[in-house]
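Q: Once you've had a glance at the structure underneath, I'll fire off some questions.
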Amino acid sequence: MIGAKTVALVGVMAATIECGKLVLSFLPNVEVVTILCALYGYVFGWLGVAATLVFVCVEPLIWGFGSWIATYIIYWPLVAFTFMLLSRRGVRGRWILTAVAVGLTVFFGILSSVIDAAFYLGINENYFKNLIIYYLRGAVFYIVQTVCNGALCPALFPFLVSKLSFIKSITNL
């Protein structure tokens, strides 16, 4: 049975992801969503994945519906799940965790281009040409997002893991 503390924790985690995104929304692709999804998956495991899914469900209520929803449904829970697995494997190295965050961020650019090219232009004989065009069109944004995560992760991840681990220990979750 799911207790009130669990529901509240998942709600707070989802809300911080959403608020972090909204606060930085005026800066194209400068974001804290990746590090928060990674942190919550790393520290809280399945509850972090659940919070990420709540975030994904709230997003279209704020921004409307589009092809990006498919990207979000795949990508954000994948980030939380990947970091949950890293935590369970005992991976603690700052630079390994940063490399995974950066690799996932690069994957985000590819995934969103694959989905957008298929959604807007269809899968036809020109699909791969269109895919390359879509990817190159967004390359500046993907580079900004990758650099952002490459800087945030080593700077904040270990510190925030210790703070969230403390919260987890006092809440007995």
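The values are calculated or read from the model by the stated rules, or taken from the named source; none is laboratory data. On a predicted model such as this, the values are computed, not experimentally measured, just so you know. Cβ sites come from the backbone with ideal geometry, for glycine too, and all protein chains shown count toward neighbours.
Q: As an exercise: evaluate Thr82 against (1) of a type in the set (Ser, Thr, Tyr); (2) touching a helix residue (DSSP H, G or I) at 6+ places or on another chain (Cβ under 6 Å); (3) closer than 30 Å to Gly3 by Cβ and give the number of the one condition it does not meet.
A: Among (1) of a type in the set (Ser, Thr, Tyr); (2) touching a helix residue (DSSP H, G or I) at 6+ places or on another chain (Cβ under 6 Å); (3) closer than 30 Å to Gly3 by Cβ, the lone unmet condition for Thr82 is (2).
Q: Right, Phe128: closer than 18 Å to Val30 by Cα, surrounded by fewer than 17 Cβ atoms within 10 Å (Cβ to Cβ) and among the hydrophobic types (A, V, I, L, M, F, W, C) or not?
A: Against the criterion (closer than 18 Å to Val30 by Cα, surrounded by fewer than 17 Cβ atoms within 10 Å (Cβ to Cβ) and among the hydrophobic types (A, V, I, L, M, F, W, C)), Phe128 does not qualify.
Q: Another question, if that's okay. Go through Ala14, Ala99, Ala50, Ala70 for me and flag whichever is among the small types (Gly, Ala, Ser), part of a helix (DSSP H, G or I) and either in contact (Cβ under 8 Å) with a residue 60 or more places away in the chain or surrounded by fewer than 16 Cβ atoms within 10 Å (Cβ to Cβ) (or both).
A: Ala99
Q: Among the residues in segment 20-38, are any touching a helix residue (DSSP H, G or I) at 6+ places or on another chain (Cβ under 9 Å), assigned to a loop (DSSP other than H, G, I, E, B) and of a type in the set (Gly, Ala, Ser)?
A: no
Q: Still on this model: Name, by its number, the condition in (1) outside any loop (DSSP other than H, G, I, E, B); (2) touching a residue at least 12 places away in the same chain (Cβ under 8 Å); (3) farther than 15 Å from Cys153 by Cα that does not hold for Leu61.
A: Condition (2) is where Leu61 drops out.
Q: Look through Thr34, Thr82 and report the one residue that is out of contact with any Lys or Arg (no Cβ under 8 Å at 6 or more places or on another chain), among the polar types (S, T, N, Q), more than 19 Å from Ala139 (Cβ to Cβ) and modelled with pLDDT of 95 or more.
A: Criteria check complete, one pass: Thr82.
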